[in-house]
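Okay, structure first, notes after.
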Amino acid sequence: MPFDASNSAPFVDSFGRAVRYLRLSVTDRCDLRCTYCMAEKMTFLPRREVLSVGEMLRLARVFVAHGTRKIRITGGEPLVRSDVMELFEGLAAWRASGNLDEITLTTNGTRLARYAEDLVRCGVRRVNVSLDTLDADRYRALTRIGTIQRVLDGIDAARAAGLHIRLNAVASRGAFEAEVDDLIRFAHGRGMDLAIIEEMPLGQTGCDRGQTCLSNASLRKDLSQRWTMTPARNASGGPAQVFRVAETGGTLGFISPMSCNFCAACNRVRLSCTGRLFTCLGEEGSVDLRDAAQRSDAAVIAAIREALWHKPERHSFDPATISTPNLERHMSALGG
Ligand code: SAM
Ligand code: SF4
C-alpha cells in the first residue's frame, strides 16, 4: 500500500515537539533476566495478546506517514521472536523507497550471530548491543542466566557483517566502576561507541536499586581523571551527552535520565508489543492503538493525536526515591 501524502501532517505534542522516532517493542519475552530490568520469575504476556507482524507494520505505517523517520526495534529481546525478520523485511521496503531514514535495533546480542547478515540485508546499519561487563562470572550474575561468549560472538558477527555498534552499559556501583576503563578500551579498540546509562526505577526486580544505582555525574568526574573527554556530535541525535576520548579516538556517551533531564528535545514515542502507545517512558499513560486499528486508520490517527496532547513535558524520575519503582512496568515491557 503506498503512503498517503494527502493526510500527512506530522504528529506534534502540546509542547510543539514533533514525533520523528518510533520505538517498537516486538515482545516482552527475553532469554536473559538482567537484575536491573526484570525479576527472576516473570510472567509474560499470552501470545494472543501480542501484535502480529502485519499489525505492527500497519500501525508503524501510520507513524511513518506522519513524520516518523526512524524506527528502533526493541523488546524484551527482539531477536527471540521467531518471525522478527518478517518485520525487518517490511520496514526495509520503506527505507528503500525513502519513506524512512533509519531502522535500528536494540539487542542483548545473544542471537546476533544468527541474524547479523539478514539485518544488513534489510537495511539496518547500526545496532545497540547491551553489555555491562566483560567478565563471564559477573555477566552471569547480572543476567542471572546468560553466557557472555554468545554476546561476544554476536558482536564479532555484527562487525564482520558491517554493522556499526554502540555498546550500552547500565552503570552501577562497585565492580562496574572498577571495570569501566576496560569497557572503554574494548569498545573503542573495535571501532564501537559506548554509552553508559543510568539505572531507572522501572518495575520490581528483587534487587534494591538504592544499592546499585550510580550517577553519571559522579562517574564522569571519575573518568575525567584518567581520560581526556571533549564534547562530540551525537550522531544518533538522542539524549546522550557524547564525548570523544582523546586516548582512544572513540566516543563515549552518557544517558542520564536521573541526573540530567533531557525531555525538552524528546522526539520519540513507544509502541508496546500489545499495541499500546506510550508517549513517555517514565509515565503510566497509554492508549490502545490495536483497538483503534480495528476501526480505521482515521481512528488510529485520532488516538495518536489525543495521546500526544497528553504527553508530559518531562518524566518524573527522582533519584531520591530510586529504591521505589516509579512504575510497575518493567523496562522489558517497552525496551527503553
Ligand atoms: N533486550 C534488549 C537489550 O537488552 O538490549 C532490548 C531491551 S532492553 C529493556 C533496552 C535497554 O534498556 C538495554 O540497553 C538495557 O540495558 C536497558 N535497561 C534495562 N533496564 C533498565 C533500567 N532499569 N534502567 C536503565 N536501563 C535499563
Ligand atoms: Fe532482557 Fe534486555 Fe531486560 Fe536484559 S535488559 S532482561 S536482555 S530485556
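On a 0 to 90 degree scale, rounded to 10, what angle separates helix 112-121 from the longest Cα axis of the chain? Approximately 50 degrees, to the nearest 10. Charging the Cβ of each Asp and Glu at -1 and of each Lys and Arg at +1, and nothing else, the dipole of the chain about its Cα centre rounds to 520 debye. Proximity of backbone amide H atoms, modeled 1.01 Å from N, is registered between Leu167 and Val129, Asp193, Leu194, Ala195 at under 5 Å, excluding neighbours fewer than 5 places apart on the same chain. The mean sequence separation of alpha-carbon pairs under 8 Å and at least six residues apart, normalised by the residue count of the chain, gives a relative contact order of 22 percent.
Averaging Cα coordinates gives a centre for region 46-88 and one for region 91-148; these two points are 15 Å apart. Judged by the gyration tensor of its Cα atoms, with axes a ≥ b ≥ c, region 228-277 is prolate; a/c meets the 1.5 cut and a/b is the larger of a/b and b/c. The loop-placed trypsin sites (Lys or Arg not before Pro) in region 181-226, going by DSSP, that have at most 15 neighbouring Cβ atoms within 10 Å of their Cβ come out as Arg190, Arg226.
Measure nothing fancy, just the Cα-based angle from helix 53-65's long axis to the longest principal axis of the chain, in degrees from 0 to 90, nearest 10. The angle comes out at about 80 degrees. The peptide list 56-64, 295-303, put in order of mean Cβ contacts within 10 Å with the highest first, becomes 56-64, 295-303. Fully extending the segment from Thr321 to Glu177, taken as 0.36 nm per residue of separation minus the present Cα-Cα distance, adds 49.6 nm.
Sorting 72-78, 320-326 by average packing, meaning the other beta carbons within 10 Å per residue, from highest down gives 72-78, 320-326.
Modelled spin labels at Arg69 and Arg233, positioned 7 Å past Cα toward Cβ, are 1.3 nm from each other. Averaged over residues, the count of other Cβ atoms within 10 Å places the peptides 268-274, 147-153, 198-204 in the sequence 268-274, 198-204, 147-153, highest first. For region 21-333, DSSP calls about 30 percent of its internal beta bridges antiparallel.
Accessible-area rank, largest first, for Ile196, Ile255: Ile255, Ile196, with all protein chains present and a 1.4 angstrom probe.
The angle between the Cα long axis of helix 297-309 and the longest principal axis of the Cα atoms of the chain comes to about 50 degrees, rounded to the nearest 10.
The values are calculated or read from the model by the stated rules, or taken from the named source; none is laboratory data. Just so you know, these numbers come straight off a predicted model, no measurement behind them. Heads up, the Cβs are rebuilt from the backbone with ideal geometry, glycines too, and the neighbour counts pull from every protein chain shown. Each accessible area value is taken on the protein alone, full model and side chains, heavy atoms only, with ligands, DNA and RNA left out. Shrake-Rupley method; radii C 1.70, N 1.55, O 1.52, S 1.80 Å.
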